[in-house]
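A quick write-up on the structure given underneath.
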Amino acid sequence: MINVLFIGPQGSGKGTQAKRLAAARGIPHIATGDSFRAAIADQTELGRQVQPYLDSGSLVPDELTIGLIRERLQQPDTAGGFVLDGFPRNMAQAHALDEMLAQIGRPLSVVFEFALSDEFALERCLGRAIEEGRPDDTAQVIVKRLTIYREQTEPIVGHYRAAGILVVIRAERSIDEVDADLAGALQQAVA
C-alpha cells in the first residue's frame, strides 16, 4: 500500500504526475479541484456551494473540503492506497488529514513538493487555460491563487519535512524528467 500526497503551486505539474502515478500503481487519484469542478458541472449542492470560491480564486472553506476528502478516503478503491492532489491547502487541513489517516490506520508514505517559481507557474497556467478552455484560469485568478498558496499552503511543507516524509521535486523540467525523479524517490520512500 502506498499513500502519496502531492503539494505544489498551480501549474507545477502535480496533477499530471498524480494521474500518471495513480494509473501506474492502480490506485485512485484524488484531486479536490477535479471533484469540485465535477460537482459544479453536475449542478450538485456541493457544486453550488463551491462555485463562488473557485470563480474568485479563493480557497473553498475547510469544512467543505475536509468533508469531501473524508468521504472519498472511505471508498473501497482507496484500500490499496491513493494519490492526493490539491489537499491539504493549509495547516488546519493538514492536521485534519493527519487525524483522518490515523483513525483509519493509513499514514502518508511520502509527500512530494513540486517546487516552481510563480513566474513559471503563471506562464504554465495561462497556457493550460487556453488549451483546456478552463474559465477559472485567468491571470488575475492565477495570481490570487499563487499568493494564497505561498501564504497558506507552503507552510505545510515544513510540517511534512519535520515528519521526515517530504521529497522536493524541481517542477520546471519536462514531464518525463519529473516522472523519472518521482519514480526514483518513490522507490526509496517505500523501500
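What does the extension gain come out to for Met91 and His159, with contour length at 0.36 nm per residue minus their alpha carbon separation? If you can, show how the numbers build up before the last one.
Numbers: separation 68, 0.36 × 68 = 24.48 nm, distance 0.83 nm.
Result for the pair: 23.7 nm of gain on full extension.
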I need the semi-axes of the equivalent ellipsoid of the stretch 2-189: take the C-alpha gyration tensor, multiply each eigenvalue by 5, square-root it, list largest first in whole angstrom. 23, 21, 16
What shape does the stretch 138-188 take by its C-alpha gyration tensor, where a ≥ b ≥ c are the square roots of the eigenvalues and a/c under 1.5 counts as rounded, a/b above b/c as prolate, and the rest as oblate? oblate
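Rounded to the nearest 0.05, what FRET efficiency do Ile175 and Gln75 have when you use their Cβ-Cβ distance and R0 = 41 Å?
Working: r = 28 Å, r/R0 = 0.69.
With a Förster radius of 41 Å, E is 0.90.
Throughout, read-outs are computed from the coordinates displayed, never taken from laboratory work. These figures come from a predicted structure and were not determined experimentally. Every residue, glycine among them, receives a Cβ derived from its backbone with ideal geometry; neighbour counts consider all protein chains shown.
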